[in-house]
1. Within the range 210-245, count every residue that is open to solvent by 90 Å² or more (accessible area, probe 1.4 Å) and farther than 15 Å from ARG84 by Cα.
2. Name the residue, out of GLY194, GLY200, that is modelled with pLDDT of 95 or more and either within 16 Å of the ligand (Cβ to nearest atom) or charged (D, E, K, R) (or both).
3. Checking VAL138 against (1) over 24 Å from ALA237 (Cα atoms); (2) out of contact with any strand residue (DSSP E or B) (no Cβ under 6 Å at 6 or more places or on another chain): exactly one of these is not met. Which one?
4. Counting only residues that are surrounded by fewer than 20 Cβ atoms within 10 Å (Cβ to Cβ) and more than 13 Å from SER219 (Cα to Cα), how many does the range 83-119 have?
5. Just to verify a result, which residue in the range 126-161, among those that are polar (S, T, N, Q) and within 17 Å of ILE198 (Cα to Cα), is least open to solvent (accessible area, probe 1.4 Å)?
6. Could you please give the count of residues in the range 112-124 that are out of contact with any strand residue (DSSP E or B) (no Cβ under 8 Å at 6 or more places or on another chain) and under 20 Å from ALA174 (Cα atoms)?
7. Quickly run through the range 188-225 and pick out the residues that are closer than 16 Å to GLU96 by Cα and without any contact (Cβ under 8 Å) to a residue 60 or more places away in the chain.
8. Any residue in the range 121-147 that's under 22 Å from ASN7 (Cα atoms): show its pairings with residues that are open to solvent by less than 40 Å² (accessible area, probe 1.4 Å) and among the aromatic types (Phe, Trp, Tyr) at Cβ separation under 9 Å, as long as the two are six or more apart or on different chains.
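The values are calculated or read from the model by the stated rules, or taken from the named source; none is laboratory data. Note that the structure is predicted; figures quoted are calculated from it, not measured. Glycine gets a Cβ as well: all are built from the backbone with ideal geometry, and neighbour counts include every protein chain shown. Just the protein is used for accessible areas: all its heavy atoms, side chains included, with ligands, DNA and RNA removed. Shrake-Rupley method; radii C 1.70, N 1.55, O 1.52, S 1.80 Å.
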Amino acid sequence: MHLTIVNPNTTASMTHTIGEAARAVAAPGTVIEAVNPEHGPASIEGYYDEVHAIPGMLAEMRARPGADAFVIACFDDTGLEAARSLMDAPVIGIGEAAMHLATLVAGRFSVVTTLAVSVPALEHNVHKYGFSHRCGRVRSCEVPVLELEDPASGAYGLISAEISRAKTEDRAEAIVLGCAGMADLAARLSAEHGIPVIDGVAAAVKLAESLHALGLKTSKACGYAPPRPKAYRGMFAPAAVATDG
Ligand code: 5HY
């Protein structure tokens, strides 16, 4: 299968880390393409960044009608519903994917994300996905997204310390890493803490492969029906869909 992973921010080094994490778990025969838009924020931290990342992300997907599935490699699941409306192929957000897998291996999980500004949107997603009773807390380690890849930021130590607090204060039995930029830390953190630590990129790749193997695609029955043709004016004119969808 051809699996396109879209990092909705515009930082190519992060897209590279995401691509490597995806290839590390992909099944033989799964071709991974990791891309990011040229236009938009360098990182997504909160609502304002999120809405400005969506048009570029959708344009990258739209340019790839032949992909068998898409992964949105931002833990906010940036523009997930719009992407499912636009594309016929399945679209999986790493946030939703990681939470689903966490509930298969633990009664209770906590999320550890980057900055406090990201927490409310993630709490909304926990509720939207129906995991409020399984998620102890959405926590932040106060490391900005782009500093995760800087060894001098102490990111690993700060994330690990937050996991320790989640185990004692939230009674977390598993941890969901709340940023695509943490994808390469999961195995080491899991070994250190002795509980499942789940990376959403890996989780989404395996779920995309499962959907493809089962021939499952996004239902177009109602909410994810294709956008209706209409005029889009100004800078968004290219986003308009033609009568042939
Ligand atoms: C992410 N931001 O996964 C989110 C994490 C966050 O640019 N990639 C980003 O902090 O919301």
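1. Counting residues in the range 210-245 that are open to solvent by 90 Å² or more (accessible area, probe 1.4 Å) and farther than 15 Å from ARG84 by Cα gives 9.
2. Just one listed residue meets the conditions, GLY200.
3. Condition (2) is where VAL138 drops out.
4. Residues flagged as surrounded by fewer than 20 Cβ atoms within 10 Å (Cβ to Cβ) and more than 13 Å from SER219 (Cα to Cα) within the range 83-119 amount to 11.
5. It comes out as SER160.
6. 1
7. Scanning the range 188-225 gives VAL197, SER210.
8. Final answer for the pair search is LEU122/PHE75; ASN125/PHE75; ASN125/PHE131.
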